[in-house]
1. Tally the residues that are at pLDDT below 75 and either aromatic (Phe, Trp, Tyr) or exposed (fewer than 13 other Cβ atoms within 10 Å of the Cβ) (or both), restricting the search to the range 295-326.
2. Please find, within the range 9-41, the residue that is nearest to the chain's Cα centre (by Cα) out of those that are surrounded by fewer than 18 Cβ atoms within 10 Å (Cβ to Cβ) and free of Cβ contacts under 8 Å to residues at least 60 places away in the same chain.
3. Might you let me know whether the range 285-294 holds any residue that is at pLDDT 85 or above and surrounded by fewer than 17 Cβ atoms within 10 Å (Cβ to Cβ)?
4. Going by the structure shown, is Asp261 closer than 18 Å to Val191 by Cβ, of a type in the set (Asp, Glu) and touching a strand residue (DSSP E or B) at 6+ places or on another chain (Cβ under 9 Å)?
5. Take the conditions in the same structural domain as Phe136 (by TED's automatic domain parsing) and either part of a strand (DSSP E or B) or at pLDDT 90 or above (or both) and apply them to Val89. Does it pass?
6. Scan the range 327-367 residue by residue and report those that are hydroxyl-bearing (Ser, Thr, Tyr), loosely packed, with under 15 Cβ neighbours inside 10 Å and either part of a helix (DSSP H, G or I) or at pLDDT 80 or above (or both).
7. So Phe265 fits all but one of (1) under 13 Å from Ile303 (Cβ atoms); (2) buried (at least 19 other Cβ atoms within 10 Å of the Cβ); (3) modelled with pLDDT under 85; what number is the exception?
8. Residues that are closer than 24 Å to Glu123 by Cα and either in contact (Cβ under 8 Å) with a residue 60 or more places away in the chain or surrounded by fewer than 21 Cβ atoms within 10 Å (Cβ to Cβ) (or both): does the range 138-145 have at least one?
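The values are calculated or read from the model by the stated rules, or taken from the named source; none is laboratory data. Note that the coordinates shown come from a computational prediction; the quantities given were computed from them, not determined experimentally. Here the Cβ is made from the backbone with ideal geometry for all residues, glycine too, and neighbour counts use every protein chain on show.
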Amino acid sequence: MPEGARPAVLLLSSNVRRRYAEDILTALALPDGALIQFRYDAEYVASPLQQRIADHSILGETCLIGFVSDVSSNDISAGDPPSPFFLPVRLANIVSADPVGDFFVLQLRVREYPNLRDWPLKEKDSTELFSDGGKFLNRLSEMNGDKHVPATTRFPDPRVSDDGDQAQLWLGVVRRLACHPTFAKSYFLRVEPPRFRKAREPVFDSTGTLSLTDRQSARLRATLYSREYSDEKRVVLSCTTDGRFLRISSDDTYDVALRYDIVEFWLQPNAANFDALARVTLTLANANYTGTSDNSLTARVQIPVKIRRSRSTLLLRVITSAVGAFLVALPAILGPSFPIKLRVLSAVLGAMLIAIAAIVIPRSAGQ
């Protein structure tokens, strides 16, 4: 964001359901450029935002994804509820926004992590952090007719920017988020944009899909953080694919034994005779989770990967096959007057080239 600018839209997710809280973990974990989807009942989308969705003027705007908890659905100042909590989590751009029945579905392309230097951080005493969150939510309620509206264009200045090292900004967000009981015992995940063997920047297309050719390999680096570590639960980071078009050429699981760590997985496309769509999934979870609430949430990232046939490999196979077929047919073309040793040699060389085109080149392309 340019200096002095602020997001145009605020999108909140809560801890009312486990999935909503895990949406926050996903938003934090996704690599820059990937897509995430948010869904809101129409009653929770402010009228000005609904209008901008209807006329498509919201597309491309910067939004701020935030976490909120302990907020009444009507008036957050009513009664004596628990201390409300709000924290900015991730910046994103709105790719699409459509009404579907009684819901609004928004596709977001995640961007930088917000710089929260103006948000207090005292891990042993989070009173000031909760106080700031409560003030923000009270002001948010006032600006939206004394109602809690999770998706709106009217909100106070969130006091964030996008300047700074992304790894440190991510750590600043998760350390503050871990002050809330919802995430206190959870592991946080950050996946960096995939790195290729050849030095070029990976690019997600308009659908959030990463493209690889059968001559490329990629590395996924993941960073883990937790506020506390316990030997009583087994936390595992796993990387899975379909196994047919895309495989893991490294260890596919990692047992977490530290509060902070960095892990790398290697991805290897399998050569195919056609373009294919695969998916790589990174999951950071308590391996002993039984479905009951244990304040340990699952962080999950799914990245669609398009495996494309290498055009250079295809051309090499065509040329090699053509030369091989010509050498196999050459003895018949030259006739019996041609020396038999040379006819046999030509046929053998041709057969070898055809075998290389069919077997060796596709296998070597994936190395």
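1. Matching residues across the range 295-326 total 4.
2. Only one residue fits best here, namely Arg19.
3. no
4. On the way: closer than 18 Å to Val191 by Cβ: yes; of a type in the set (Asp, Glu): yes; touching a strand residue (DSSP E or B) at 6+ places or on another chain (Cβ under 9 Å): yes.
Yes.
5. Working: in the same structural domain as Phe136 (by TED's automatic domain parsing): yes; either part of a strand (DSSP E or B) or at pLDDT 90 or above (or both): yes.
Spelling it out, Val89 is indeed in the same structural domain as Phe136 (by TED's automatic domain parsing) and either part of a strand (DSSP E or B) or at pLDDT 90 or above (or both).
6. Let us first name the residues in the range 327-367 that are hydroxyl-bearing (Ser, Thr, Tyr), namely 337, 346, 364.
Within this subset, residues satisfying the condition of being loosely packed, with under 15 Cβ neighbours inside 10 Å are 337, 364.
Within the range 327-367, just Ser364 meets the criteria.
7. Evaluating Phe265 over (1) under 13 Å from Ile303 (Cβ atoms); (2) buried (at least 19 other Cβ atoms within 10 Å of the Cβ); (3) modelled with pLDDT under 85 leaves (3) as the failure.
8. Going through the range 138-145, the residues closer than 24 Å to Glu123 by Cα turn out to be 138.
With either in contact (Cβ under 8 Å) with a residue 60 or more places away in the chain or surrounded by fewer than 21 Cβ atoms within 10 Å (Cβ to Cβ) (or both) added as a condition, the list becomes 138.
Yes, the range 138-145 contains a residue that is closer than 24 Å to Glu123 by Cα and either in contact (Cβ under 8 Å) with a residue 60 or more places away in the chain or surrounded by fewer than 21 Cβ atoms within 10 Å (Cβ to Cβ) (or both).
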